[in-house]
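Asks: One structure, pasted below without further comment.
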Amino acid sequence: MKKKKLNITRAAVGALAILCFLCLWFWATREGTPLGRLMPNPAQVFLRLVETTHTKVGPLTIWGHMLNSLRRVLVGFCIASGSGILLGLAMGWNRTIEALLRPIFELLRPIPPLAWISLAIVWFGLGEGGKYFIIFVSGFSNVTINVYTGAKAVDPELIGAAKMLGCSDRRIFTSIVIPSSVPYIFTGLQIAISSSWAAVVAAEMVRSTNGIGWMITAGQGIGDMEQIMVGIIVIGVVGFLLSTFMRGVESKLCAWSRVQDS
Amino acid sequence: MANEYKVQVNHLTKRFGDLLVLDDISFNVKENEFLCIVGPTGCGKTTFLNSLSKLYDITAGEILINGEPVDLKRHNIAYIFQEYSNMPWLTIRQNVEFGLRIKKLPEAEIRERSDYFLDMVGLTKFQDYYPRQLSASMLQRAAIARAFAVKPEVLLMDEPYGQLDIELRFKLEDELIRLWREVGTTVIFITHNIEEAVYLSGRILVLTNKPTKIKAEIPNDLPRPRDIADPNFVALRNQVTELIKWW
Ligand SMILES: Nc1ncnc2c1ncn2[C@@H]1O[C@H](COP(=O)(O)OP(=O)(O)O)[C@@H](O)[C@H]1O
Ligand SMILES: [Mg+2]
């Protein structure tokens, strides 16, 4: 009951903040200001957004662009998650693998996704492969490092208790290490889905003909500020929805690690 | 002859690098005995249990169960740690059932035993809660239910009630004695609380400071149920207290 009230208050404050921001935007881009000459106001952007839901921008409507971007992000993200979880668990569990791969991983980790663009083109060409790769790179290390931390942070007493019961090493891995890493895995996935989605603009800079990132880059090419703004807003909103969705999945699967808070 | 004792500790020595912790310790524990070990903090009580349970390798000597070297796959040992290690992602019932599943008991038996022991420690109503939702004493009881559920031949307990308040400790001590008598198992119980040792044990081992040896072995034949105000109880408690004055 109390919690519900709190949520409503929080939502109201959030809505108010967005409203203030819109007012500020209106005011800053009003007739006659320097900024007003360069930038559309929120109403223009909104109308353009509505228009793009049924009129094509380039080859597709906004829905088509969104789906293409989402597909790229999901493919890259799934590959990043799968391999990140495997590598993280392996490094956390096996000392040899850790000694072997950790230094390489630490070297590659700080390289920003943008820096990989040229290599991505050389390795995977100008088609979808290169785009998947850029998105993969932007999610992979986030997942890996979190899962690795989780696998390392397993309570040694739990492992002891399992050993005492006669658990094999394999059973300890599946019954203790993996479940206790789940919250860390989700932290990794959460960060990764956001950064993967954010990387879609960079990925679609690699010669593409559709996608939200393309809309922005193309808008820049023809000086269409409204199109750029529509793209930016869609990226913001979809990114928000993706991370909300991930958080929902997490709170379902990791109920045990949060029950204290409720 | 070899099987006369449940647990035999022969010339057990344990070093951590240069630090000699357990120095040539030998003692035996009889079947169904309740042995309490008291000793100063840092003398190696936990180290001893970890050695017995194979979490640590020992430097020299041997530990036998039923006259054979300890083998966790064959010997049924339960260990209640100082911190009650429940799996946070499993409910209380699933925690109690965990060991039974590892030991691949039939499903019906698993249900029956966990029902029984959850009831025994008064957690039936809380069986579907996660560990984080329960208090320290409930978690400790869950740990006890989990340990007893596997019907261990040897039950190791490492200062299990150290962090509980007195009232709860008394309650859980009585519960433990009741379970021990009903189920029948060999218990090695570590504590630094002398009153607790006198209350629970059939025999008390007093350890010295590091490098640790056995300072004294005191049989405890006080009739049960025991009364901490009984003159015999007080006398025994004072005797043990006297022994550890020089820690
Ligand atoms: N894994 C370990 N590595 C190094 N030293 C240890 C380790 N475990 C315990 N010790 C040392 O052994 C001594 C005994 O520790 P412990 O068995 O925990 O004592 P107690 O349980 O009696 O308080 C302490 O001095 C402690 O520092
Ligand atoms: Mg200890």
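The values are calculated or read from the model by the stated rules, or taken from the named source; none is laboratory data. Source: prediction; values computed, not measured. No Cβ is skipped: glycine too gets one built from the backbone with ideal geometry, and neighbour counts run over all protein chains shown. Ligands, DNA and RNA are excluded from the accessible area calculation, which covers all protein heavy atoms including side chains. Shrake-Rupley method; radii C 1.70, N 1.55, O 1.52, S 1.80 Å.
Asks: Would you kindly derive the ³J(HN,Hα) couplings of region B:158-164 from the backbone phi angles with the Karplus curve 6.51 cos²θ - 1.76 cosθ + 1.60 (θ = phi - 60°), listing them in order in whole Hz, with x for Gly and Pro?
Replies: For region B:158-164, the Karplus-derived couplings read 10, 6, x, 10, x, 9, 9 Hz, x marking Gly and Pro.
Asks: Let me ask something additional. For residue B:216 and residue B:71, what does the FRET efficiency come to when R0 = 25 Å and r is the distance between their Cβ atoms, rounded to the nearest 0.05?
Replies: So, using R0 = 25 Å, E works out to roughly 0.20.
Asks: While we're on this one: Total accessible area buried between chains A and B, 1.4 Å probe, in Å² to the nearest 100?
Replies: 2100 Å²
Asks: Still on this model: Evaluate the Debye formula for chain B with equal point scatterers sitting on the alpha carbons, no solvent, and hand back log10 of I(q)/I(0) at q = 0.11, 0.17 Å⁻¹, in q order, two decimals.
Replies: Each listed q maps to, in turn, -0.59, -1.35.
Asks: Scattering from the C-alpha atoms of region A:181-262 alone, worked out with Debye: what is log10 I(q)/I(0) at q = 0.10, 0.15, 0.19 1/Å?
Replies: With one equal scatterer per Cα and no solvent, log10 I(q)/I(0) is -0.35, -0.62, -0.80.
Asks: Which whole number gives the average, over all residues in A:165-173, of C-beta atoms from other chains lying within 10 Å of the residue C-beta?
Replies: 4
Asks: Probe of 1.4 angstrom, ligands and nucleic acids ignored: what's the accessible area per residue over the protein assembly as shown, in square angstrom?
Replies: It amounts to 49 Å² per residue over the protein assembly as shown.
Asks: Using a 1.4 Å probe and ignoring any ligands, DNA or RNA, find the accessible area of residue A:66 and quote it in Å² to the nearest 10.
Replies: Probe radius 1.4 Å; accessible area of residue A:66 about 40 Å².
Asks: Moving on. Kindly report, to the nearest 10 Å², the accessible surface of residue A:13 as traced by a 1.4 Å probe over protein heavy atoms only.
Replies: So the heavy atoms of residue A:13 present about 90 Å² to solvent.
Asks: Go through B:199, B:5 and list them by solvent-accessible area, largest first, probe radius 1.4 Å.
Replies: Largest to smallest exposure gives the sequence B:5, B:199.
Asks: Can you tell me what share of the DSSP beta bridges in the protein assembly as shown is antiparallel? A percent to the nearest 5 is fine.
Replies: 50 percent
Asks: Just need log10 I(q)/I(0) for the protein assembly as shown at q = 0.13 Å⁻¹, Debye formula, equal scatterers on the alpha-carbon atoms, no solvent, rounded to two decimals.
Replies: -1.21
Asks: Follow-up question, since we're still on this one. Report the accessible area of residue A:78, computed with a 1.4 Å probe over the heavy atoms of all protein chains in place, in Å² rounded to the nearest 10.
Replies: The accessible area of residue A:78 comes to roughly 80 Å².
Asks: Moving to a separate point now. Please list B:230, A:224 from largest to smallest accessible area, probe radius 1.4 Å, with all protein chains kept in place.
Replies: B:230, A:224
Asks: Scan around residue B:79 for amide H atoms under 5 Å from its own, H built in the peptide plane at 1.01 Å from N, and keep only partners 5 or more places away or cross-chain.
Replies: B:156
Asks: For peptide B:72-81, compute the average count of partner chain beta-carbon atoms within 10 Å of each residue's beta-carbon.
Replies: Partner Cβ neighbours, averaged per residue: 4.
Asks: Let a ≥ b ≥ c be the square roots of the eigenvalues of the Cα gyration tensor of region B:144-214; is it rounded (a/c under 1.5), or, if not, prolate (a/b larger than b/c) or oblate?
Replies: Cα axes put region B:144-214 in the oblate bin.
Asks: Taking θ = phi - 60°, what integer Hz values does the Karplus form 6.51 cos²θ - 1.76 cosθ + 1.60 yield along region A:152-168, in sequence order, with x for Gly and Pro?
Replies: Once rounded to whole Hz, the list reads 6, 8, 4, 4, x, 5, 5, 5, x, 4, 5, 4, 4, 7, x, 5, 6.
Asks: Additional query: Determine the shape class of chain A: with a ≥ b ≥ c the square roots of the Cα gyration tensor eigenvalues, call it rounded for a/c under 1.5, and otherwise prolate if a/b is greater than b/c, oblate otherwise.
Replies: oblate
Asks: In degrees between 0 and 90, to the nearest 10, how far off the longest principal axis of chain B does helix B:231-244 point, with axes built from Cα atoms?
Replies: Orientation of helix B:231-244: about 60 degrees from the principal axis.
Asks: Which whole-Hz couplings ³J(HN,Hα) result when phi for each residue of region B:189-204 is put into the Karplus expression 6.51 cos²θ - 1.76 cosθ + 1.60, θ = phi - 60°, listed in order with x for Gly and Pro?
Replies: So the J values, rounded to whole Hz, are 10, 9, 7, 10, 9, 5, 4, 4, 4, 5, 5, 8, 7, x, 7, 10.
Asks: Give me, ordered by chain and number, the residues 5 or more places off residue B:15 or on other chains with an amide H under 5 Å from its own placed amide H.
Replies: Amide H to amide H, under 5 Å and 5 or more residues apart or across chains, residue B:15 pairs with B:21, B:59.
Asks: Computed over the Cα atoms of region A:42-149, what is the ratio Rg over Rh, Rh following Kirkwood?
Replies: We get a ratio of 1.15 for region A:42-149.
Asks: Additional query: What does DSSP give for chain B in terms of the percent of beta bridges that are antiparallel, rounded to the nearest 5?
Replies: 50 percent
Asks: On alpha carbon coordinates alone, what is the Rg over Rh value for region B:48-89, Rh being the Kirkwood radius?
Replies: 1.03
Asks: Over the protein assembly as shown, with every protein chain in place, what whole percent of the accessible area is carbon and sulfur at 1.4 Å, could you tell me?
Replies: 61 percent
Asks: Still on this structure, I have one more. Looking at the square roots a ≥ b ≥ c of the eigenvalues of the Cα gyration tensor of region B:104-191, which shape do they give, rounded for a/c under 1.5, prolate if a/b is larger than b/c, or oblate?
Replies: Taking the square roots of the gyration eigenvalues as a ≥ b ≥ c, region B:104-191 is oblate.
Asks: Moving on. Given the pairs A:5/A:252; B:6/B:215; A:163/B:14; B:14/B:171; A:163/B:171; B:30/B:210, which are separated by over 24 angstrom at their Cα positions?
Replies: Listed pairs above 24 Å: B:14/B:171; A:163/B:171; B:30/B:210.
Asks: Can you list the residues of region A:213-262 whose accessible area drops by at least 40 Å² going from the chain on its own to the full set of protein chains, with a 1.4 Å probe?
Replies: Listed in order, they are A:256, A:259, A:260.
Asks: Can I ask one more? Rounded to the nearest 500 deg cm²/dmol, what is the calculated helix-only ellipticity per residue at 222 nm for the protein assembly as shown, with -39500 (n - 2.57) per DSSP H run of length n ≥ 4?
Replies: It comes out at -18000 deg cm²/dmol, rounded to the nearest 500.
Asks: Considering the Cα trace of region B:173-216, what is its radius of gyration and what is Dmax, both in angstroms?
Replies: 12.3, 37
Asks: Just the projected area, averaged over all directions, of the convex hull on the alpha carbon atoms of region B:82-151: how many nm²?
Replies: It is 4.2 nm².
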